[in-house]
Amino acid sequence: MDSNTETKSETVLINGVEHNVEDLSAEQRTLISHVADLDNKVRQVGFNYDQTVGARNHFMALLNASFEQSKEAEAEAEK
């Protein structure tokens, strides 16, 4: 490795301020991990919510269609 090669340290941006991770305390690094994990969970919950709403809408449409089919069948039976 060339002695002129720069080694880039890991940084984290918090409230618009860039912090070198090596300079943070163990507690601060742990808190950052918690926040990052919770951010991932928020994204996952949103994704699951979208899927659940879409699935509910699909099944509601099937239910509504079944009522329409029942009405049509009753109308045919009355003829």
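Inside the stretch 28-43, can you point out the residues that are within 18 Å of Thr11 (Cβ to Cβ) and among the charged types (D, E, K, R)?
So in the stretch 28-43, the residues within 18 Å of Thr11 (Cβ to Cβ) come out as 28-33, 35-36, 39.
Answer for the stretch 28-43, where residues must be within 18 Å of Thr11 (Cβ to Cβ) and among the charged types (D, E, K, R): Arg29, Asp39.
Can you find a residue that is in contact with an Asp or Glu (Cβ under 8 Å, 6 or more places away or on another chain), surrounded by fewer than 10 Cβ atoms within 10 Å (Cβ to Cβ) and charged (D, E, K, R) anywhere in the stretch 22-37? Yes.
Exactly one residue among Glu18, Glu6, Glu72 is modelled with pLDDT under 95 and either in contact with a strand residue (DSSP E or B) (Cβ under 9 Å, 6 or more places away or on another chain) or assigned to a helix (DSSP H, G or I) (or both), and that residue is Glu72.
The values are calculated or read from the model by the stated rules, or taken from the named source; none is laboratory data. Every value quoted in this text rests on a predicted model; they were computed, and no experiment measured them. Glycine also receives a Cβ, built like all others from the backbone with ideal geometry; neighbour counts cover every protein chain displayed.
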